[in-house]
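Single-structure report; data block below.
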Amino acid sequence: MNIRDLVGTAVQSTFRSKLRTTLTVIAIFIGAFTLTTTSAIGTGVSNYIASQVAAIGAEDVLLVTKAPEGAPADAGDGPQPYDPDATGGSAGPSGPIALPGQGEPLTSDDIDALRATEGVVAVTPLSSISPEWIEYGANGKFQVSVNVAAGVSPADLAAGQALDNDTAEFEVLLPTSYLENLGFDSASAAIGETVVFGVDDYLGERSEVAATVVGIQNESLLGSGVSLNSALANEMDDIGSTGKPDSVETTFAQATVQITAGLTAQEVADLQDRLAEEGFAAQTLEDQLGSFQLVISGIVGVLNAFAAIALLAAGFGIVNTLLMSVQERTREIGLMKAMGMGAGRVFALFSLEAVFIGFLGSALGALVSIAVGVPLSAALAQTVLSGLPGLNILQYAPASVATVILVVMGLAFLAGTLPARRAARQNPIDALRYE
């Protein structure tokens with residue numbers, strides 16, 4: 001009996017006891033369905049987080065702020081000992097105010113120190129620009145926040161085009177959450193329209209600055225805000241500095257630092273340590289979004305554990321199904337061996353039955369998961385998850401689906417080993433006498 005005959009016989013034998021086989025396939029189906037679905041969730045969320053990383057900048061970029069004065073480089077997490085001689089969060093009425101969660105703002109000397117650090121290619125200081133309001137037509141004025149890193153990071157666009165930082169025209173990207181309040185019917189309807197910002201100078205005198213909407217960007221895990229091109233950002237920064245006394249130093253909220261491309265993880269960590277020794281706190285993209293990925297990995301891991309339990313139960317079902325099959329076909333096994341079929345081929349026959357049962361359950365589980373998951377993901381994206389544009393919670397990667405099917409078939413083979421060995425060891429004379 002060749003391989004083709006073995007496969008054909010195994011398939012036919014699988015359906016001798018339809019009810020028993022069906023129940024075993026259903027058990028495998030549940031585990032495979034769960035594994036395929038959780039794998040799709042992991043793929044969907046991982047891809048979304050990857051898009052958020054891309055929205056922040058390239059992998060060779062660090063986000064740098066000023067570390068709180070007096071904090072040691074290896075201070076770790078949690079509050080640090082109070083030092084009455086160290087400056088606090090604010091510098092007082094005559095000095096700049098630090099942003100929450102960081103130390104003093106960066107000064108021009110800090111920017112020069114960053115540029116002089118080995119491994120640093122370029123430094124882009126980011127000013128804290130805070131217009132008072134934004135307005136479109138006669139729909140009223142609304143509060144507005146600004147994405148200070150827009151000039152150094154690509155935008156996840158829902159419509160329109162990216163900012164042009166080389167033009168003298170004032171351009172702005174609006175987040176999708178601003179459209180309804182400002183009075184736009186859709187993302188495409190906002191492209192080319194003019195919005196007006198109210199900007200106060202240092203003494204509180206208000207100016208109005210008009211800008212053209214060139215694009216609409218999706219929300220980000222790290223928050224959202226309008227993005228300004230260089231010309232518009234510089235204009236607002238100049239207005240904000242008007243009337244500022246010479247004694248008040250120009251400061252920056254943070255800086256993006258482009259580092260040498262191709263550095264290893266250890267080399268990047270060493271650079272972060274050197275910056276920490278100089279009084280800076282530097283974060284990689286992995287540092288900023290690593291916690292999100294850790295939480296998602298944990299959730300997917302728990303769901304996979306439940307799927308593994310279901311597959312374990314299905315494995316015992318395969319063992320039971322094939323043991324019963326071996327017992328019912330004892331005389332048939334004896335006849336096959338009496339006609340010259342070796343123990344190896346008998347073992348292969350029952351192993352193929354186990355693998356085929358595993359294939360049926362896993363393939364059906366994967367197909368049903370895809371059939372249910374694709375429309376469900378689209379529905380969730382339009383309803384419950386509409387606040388996270390670009391997130392498709394279930395994404396089925398062909399390689400992942402194929403891996404699930406192969407893993408389940410492998411588990412089915414292992415589960416069928418015991419019954420297959422018992423069949424292979426049957427004595428043909430005793431088997432032929434079996435009643």
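The values are calculated or read from the model by the stated rules, or taken from the named source; none is laboratory data. The shown structure was predicted, so the numbers you read here are calculated from the model rather than taken from an experiment. Don't worry about glycine lacking a Cβ; one is built from the backbone with ideal geometry, like all the others, and counts go over all protein chains shown.
Points to keep in mind about this one:
- Count of the range 140-175 residues which are polar (S, T, N, Q), modelled with pLDDT of 85 or more and closer than 26 Å to Asp185 by Cα: 3
- Scan of the range 229-246 for residues that are more than 16 Å from Ala210 (Cα to Cα) and in contact with an Asp or Glu (Cβ under 6 Å, 6 or more places away or on another chain), ordered by number: Thr242, Gly243
- Restricting the range 116-136 to residues that are modelled with pLDDT of 90 or more and among the acidic types (Asp, Glu), the residue that is surrounded by the fewest Cβ atoms within 10 Å (Cβ to Cβ): Glu132
- Every pair of residues 6+ apart whose Cβ atoms lie under 8 Å, when the first sits in the range 400-425 and is more than 13 Å from Ile357 (Cα to Cα) while the second is loosely packed, with under 15 Cβ neighbours inside 10 Å and small (Gly, Ala, Ser): Ala424/Ala343; Ala424/Gly344; Arg425/Ala343
- Any chance Leu232 is touching a strand residue (DSSP E or B) at 6+ places or on another chain (Cβ under 9 Å), closer than 18 Å to Leu106 by Cβ, at pLDDT 90 or above and not in a loop (DSSP other than H, G, I, E, B): no
For every residue, the table says whether it meets (1) buried (at least 19 other Cβ atoms within 10 Å of the Cβ); (2) in contact with a strand residue (DSSP E or B) (Cβ under 6 Å, 6 or more places away or on another chain); (3) in contact (Cβ under 8 Å) with a residue 12 or more places away in the chain.
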{"position": "Gln161", "(1), (2), (3)": "no, yes, yes"}
{"position": "Thr167", "(1), (2), (3)": "no, no, yes"}
{"position": "Phe170", "(1), (2), (3)": "yes, yes, yes"}
{"position": "Pro175", "(1), (2), (3)": "yes, yes, yes"}
{"position": "Leu179", "(1), (2), (3)": "yes, no, yes"}
{"position": "Glu205", "(1), (2), (3)": "no, no, yes"}
{"position": "Glu208", "(1), (2), (3)": "no, yes, yes"}
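- Which numbered condition Asp109 fails, given (1) modelled with pLDDT of 85 or more; (2) not assigned by TED's automatic domain parsing to the domain that holds Glu277; (3) not in a loop (DSSP other than H, G, I, E, B): (2)
- Restricting the search to helices (runs of 4 or more DSSP H) fully inside the range 360-435 and requiring at least 2 residues that are modelled with pLDDT of 80 or more and of a type in the set (A, V, I, L, M) gives 398-415.
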